[in-house]
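Let me begin by presenting the structure, written as structure tokens, before commenting on it.
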Amino acid sequence: MLFGFTPSSAQRSTASYTRAKWWLVSFCLPFLFACSQTRPPESTVFQETANDQTQRHEESQISDLLKAEFTLQREGPNKAYDNFYSIAQESKDPTFIERLVRIAVASRNKVYIEQSADLWRSVEPTSEQAYSLAMQVYAQGERPNDIAKLLDTAMLNHVPLRFFPLYLEDNVRDSQVMDTLESAIKMASPLTQKNQFIRLSQAHLWLLSGQYEQARQQANALIEDPSTEKSEALYLILAYSEKNQNQSDKAISTLTTANQIYPQSVNILSPLLSLLVENEQAQTAIKLLDNASLSEDDKLQACLNLARTLLEYKQPELAFNVLNGLPQQRGFRNQIHYLQAIALDELGRHNDAIEIMNKVHGTLQSSATNQMALWLYDQGRQKDINDLVLTRTNREYLPEQVTTISQLHQEKGQPMLAYDLLTKAVDLFPESDELRYQKSLFAEHLGYWDITLEELNNLLEKHPDNAQYLNALGYTLLTRTDQLDKAMIYIERAYELSGDDPAIIDSLGWGMFLKGEYEQSSYYLEKAWSILQDAEIAAHYGESLWRQRHYDQALSIWETALQQSPNATILLDTIKRLSPSLLENHQQDENS
């Protein structure tokens, strides 16, 4: 979200309509006041005329407002913006301009957002929110020079620059934004660069870029300066800088001081607890958490963070004890169960771990299922996995979950379990095209080509213009039957629908090869290889080149593919058949 307005849409609409009339009323006040005075007859006529003009103007403005609101409700913010902007620009009413800003943000149109922010600043040059909004637009547009000018203007207008470090903190994972903000600081005036919030931001940027000593010095100077506004971020920057300089004791001391200043901050307490555990002071961390003055939800979150750290540092018993004392309520229940199960497994209580993990749902459900599958393999109970997956997975997530577990079965050398899972999943949810397609491909992998053809034909009955299904059916016919002409009909149709798909282009090229059209074959296979350097494409392309006596080029393609996919069966089989010495040389190179 670019701008944090929170009133409900109904409240906003009613409030804005009422407030929008305020400037009209204020505009009319002199005339209303004049009406209460005794006037000579000739001035009465003039006053009546003025009143009529004012009334018509007010009615016109209200009409424009109603039209704008109607457009907003019927056609959305993009269509309504211009009407609202005209009204806001004329009224200069800050409340109505805020309404305009909301509409601009809802439109997601950066031009509208910037324009509304500029209008806001022109009317309220000391509004910190208006500067914040403009800066976000500049940052996302990679405009450091505009940000620097904005900051300098804010300084001249005595606007606090708190919005700058807050925006930086919210976007630390966006390297482009970080680079833009850092450049903006360098472009800003010396006075702006000395501002405490800009210095705080610079310290944060140094920390992110690994310049820990500069970050430490800057943060420490700001903390020691009695004239600066202190914040949690300052102490965190200092502590993390000290920690990254292997000064853990100092970092613990810094966060301990911060915890005394901000006793209700989970952002301070959680890293302090983690540092204590890392430095073999787990009991101290638990005692500190027990005595913390956090809200109930924050304390629950701090306990979860502490449990994760305890598990990371191989203290499952302490982690389980911390978790076991938590109330299993609200949105934390699944997280608690998940971590409890991990702790129980590390304590050797494997069946209990599976039982608890089976209670995990919500956003952690897929992770829990995957973890239980691994544990069941560890116990030699892999035959129990498929029923577990099918009974606990929600329908909308089943294709993805089945894919993941099928891959696990294959990695563990159990392809029949993978096929069994896919078959049962299709039987349970026959309307799922994705599951049926996965089953068809896996059946082909196992050599059940009749099932592959049956399932693909079923899919094409529902989706006759699906290029992926057409290609899969055509390629299966091409490689597993003697129906070459029929196969090419499907493949050529797939190519018409999706001519830039490398898998389809590869099928077309291999079909040309099997028909003996070698030059055409190389043309399409080269095209496929240029898009995707896949082992199967390399096998086909190399063989087409080899057949045309372009041996060196074929060997080059195969060598490249071997580097990327040394265990690809189709590639190895092709090279063994045509140039076994290449594999011998490749094996010697690997051994050396």
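The values are calculated or read from the model by the stated rules, or taken from the named source; none is laboratory data. Here the structure is a predicted model, which is why all the values come from computation and not from measurement. Counting neighbours? That spans all protein chains shown, and the Cβs are built from the backbone with ideal geometry, glycine included. Note: accessible area is taken over every heavy atom of the protein model, side chains too, but ligands, DNA and RNA are not part of it. Shrake-Rupley method; radii C 1.70, N 1.55, O 1.52, S 1.80 Å.
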>> I need the full set of residues from segment 272-291 which are of a type in the set (A, V, I, L, M, F, W, C) and crowded, with 20+ Cβ neighbours inside 10 Å, in order please.
In response: L272, L273, L275, L276, V277, A282, A285, L289
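Considering D387, D345, which residue is in a helix (DSSP H, G or I), among the acidic types (D, E) and in contact (Cβ under 8 Å) with a residue 12 or more places away in the chain? Working first, answer last.
Numbers: D387 fails: in contact (Cβ under 8 Å) with a residue 12 or more places away in the chain.
On inspection, the qualifying residue turns out to be D345.
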> Which of the residues spanning segment 424-439 are open to solvent by 60 Å² or more (accessible area, probe 1.4 Å) and not in a helix (DSSP H, G or I)?
Replying inline: P430, E431
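Here is a check on your reading of the model: is Y167 surrounded by fewer than 21 Cβ atoms within 10 Å (Cβ to Cβ), part of a helix (DSSP H, G or I) and among the aromatic types (F, W, Y)? Break it down into steps so the answer makes sense when it comes.
Numbers: surrounded by fewer than 21 Cβ atoms within 10 Å (Cβ to Cβ): yes; part of a helix (DSSP H, G or I): yes; among the aromatic types (F, W, Y): yes.
So Y167 fits the description; yes.
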>> Quick check on segment 440-461. Is at least one of its residues in a loop (DSSP other than H, G, I, E, B), open to solvent by less than 40 Å² (accessible area, probe 1.4 Å) and closer than 25 Å to L497 by Cβ?
In response: no
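Matching residues to (1) part of a helix (DSSP H, G or I); (2) modelled with pLDDT under 95:
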site	(1), (2)
L273	yes, no
V277	yes, no
T284	yes, no
L288	yes, no
S293	no, yes
Q301	yes, yes
T309	yes, no
L318	yes, no
L326	no, yes
> Which numbered condition trips up S231, out of (1) open to solvent by 30 Å² or more (accessible area, probe 1.4 Å); (2) hydroxyl-bearing (S, T, Y); (3) over 30 Å from E317 (Cα atoms); (4) modelled with pLDDT of 95 or more?
Replying inline: (4)
>> Checking Q217 against (1) under 32 Å from the mean Cα position of the chain (by Cα); (2) open to solvent by 50 Å² or more (accessible area, probe 1.4 Å); (3) under 28 Å from V177 (Cβ atoms), only one condition comes out false. Which one?
In response: (1)
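Only one of L417, L421, L408, L376 is open to solvent by less than 40 Å² (accessible area, probe 1.4 Å) and within 30 Å of the chain's Cα centre (by Cα); which? Spell out how you get there, then give the answer.
Numbers: L417 fails: within 30 Å of the chain's Cα centre (by Cα); L421 fails: within 30 Å of the chain's Cα centre (by Cα); L376 fails: within 30 Å of the chain's Cα centre (by Cα).
It is L408.
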> Out of curiosity, is E69 surrounded by fewer than 16 Cβ atoms within 10 Å (Cβ to Cβ), in a helix (DSSP H, G or I), at pLDDT below 80 and acidic (D, E)?
Replying inline: no
> Which residue pairs have Cβ atoms closer than 8 Å, lie 6 or more positions apart in sequence or on different chains, and pair a first residue in segment 202-218 that is more than 18 Å from L166 (Cα to Cα) with a second residue that is among the hydroxyl-bearing types (S, T, Y)?
Replying inline: Y212/S241; E213/S241; R216/S241
> Which residues, taken from segment 134-153, are more than 16 Å from L168 (Cβ to Cβ) and more than 24 Å from the chain's Cα centre (by Cα)?
Replying inline: N145, D146, K149, D152, T153
>> When the residues of segment 504-525 are narrowed to those that are charged (D, E, K, R) and part of a helix (DSSP H, G or I), which ends up surrounded by the fewest Cβ atoms within 10 Å (Cβ to Cβ)?
In response: E519
